[in-house]
Amino acid sequence: MKDNLLGTKGYLCDCMQKIWISNYHNLLLLVLFPQLFKCLLLGQNGVEMILGGEFQRNLLHSLKVLTLYFHIECDEIPEYGFLQQLPNVKKLVVYNSSFEVIFCLQQPDNNEHLLQMKELRLESLQELVSIGLENSWTESFVRNLETFEVVNCSSLENLVTCTVSFSNLICLKVESCHKLSYLFTSSTAKSLAKLQRMEIINCRSIEVIVSKEEGQESNEDQIIFSQLTCLKLESLENLRKFYRGSLSFPLLEELLITDCEKMVSLCAGTVEAGKLSQVTINEEENFPFETDINSAMLKEFLKKVRV
């Protein structure tokens, strides 16, 4: 009965919290029960239905999360005008599509609601080569972003290609992006004043999390992550350091380092982490330290080498 009602391309789950609008059957469900749905999965047909005005504007006002999932080959998201009818969506997910670019160089029309998004998740985009957050028209979007997740984007070489300001970012997760050699330059990292949680997992090519700007040589240049409470580095086989300068984590409480075999120290300079009392290495090893993180990590690294 459920399959007949939804059609072959739509489904409901989580107690009728999600719907994929790909045909009129799904649209009928949304018309009859608009208050039940919080998450919308949208393909190319669904976008065309919205742009064609095939339902009343207020039907989509309860939606909070939008997932774009295009089966057809498409280099970039065609347009964002349909977001005008989704005024309360705060999280954008782009999943398993052939997009090469998320935010194109030229500013699209009717992008006001896009710029109000608080969360962005990019997942299983194997053709993605550029997110486009360095484009000038995305500045307010980047500034408003609170959660940023990039997962399984195997062709992506940079999160951003120049300095941008993530001044309100709280949570960052990057996983299985094997062409990334670093995440940010030091200037971008210094804008992460509100970042509370950072997880970097299974990125084979990453050698450093924060890269120095061209011409920077001193190890004394310090980056302060003033709100960071949790830092997780896992399965980063070529990671050598977090940063080649100095670091300060005044609120850091949880540091987990797993399968980062080439990482001898967190940074080349000094590390300040007054609230941190122990570090977890390879999940089973919890060790306290009396001096600083770098000394403790070096001690544990030498133990493994001697073995």
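General remarks:
- The stretch 161-254: relative contact order in percent, alpha carbon pairs under 8 Å with at least 6 residues between: 30
- Around the amide H of Asp221, modelled in the peptide plane, lie the amide H atoms of Ser246, all under 5 Å away and 5 or more residues distant in sequence or on another chain.
- FRET efficiency estimate (nearest 0.05) - Cβ-Cβ, Ser277 to His71, R0 51 angstrom: 0.50
- In order along the stretch 126-133, the Karplus-derived 3J(HN,Hα) couplings, from 6.51 cos²θ - 1.76 cosθ + 1.60 at θ = phi - 60°, round to 6, 9, 5, 10, 8, 7, x, 6 Hz, and Gly and Pro are given as x.
- Simple spin-label estimate for Gln116 and Glu149 gives 2.3 nm between the two label positions (7 Å along the Cα-to-Cβ direction from each Cα).
- Additional length obtainable on full extension of the chain from Ser140 to Gln107, 0.36 nm per residue less Cα span: 10.6 nm
- Shape call, the stretch 91-199: gyration tensor on alpha carbons, a/c limit 1.5: rounded
- Amide H partners (placed H, <5 Å) of Glu272, local residues excluded: Leu247, Ser248, Phe249
- FRET efficiency, 1/(1 + (r/R0)^6) with R0 25 Å, evaluated for Ser235 and Val264 via beta carbons: 0.90
- Overall form of the stretch 199-262 per C-alpha gyration tensor (a/c, 1.5; a/b vs b/c): oblate
- Full-stretch length increase - Ser176, Ser98 - with 0.36 nm per residue and alpha-carbon distance subtracted: 26.4 nm
- Between Arg197 and Gln227, the contour length at 0.36 nm per residue exceeds the alpha carbon distance by 9.9 nm.
No value in this document is a laboratory result; all are computed from the given coordinates. As the structure is a computational prediction, the values presented were derived from the model and not from experiment. Methodologically, a virtual Cβ is constructed for each residue, glycine included, from the backbone with ideal geometry; neighbour enumeration extends over all protein chains shown.
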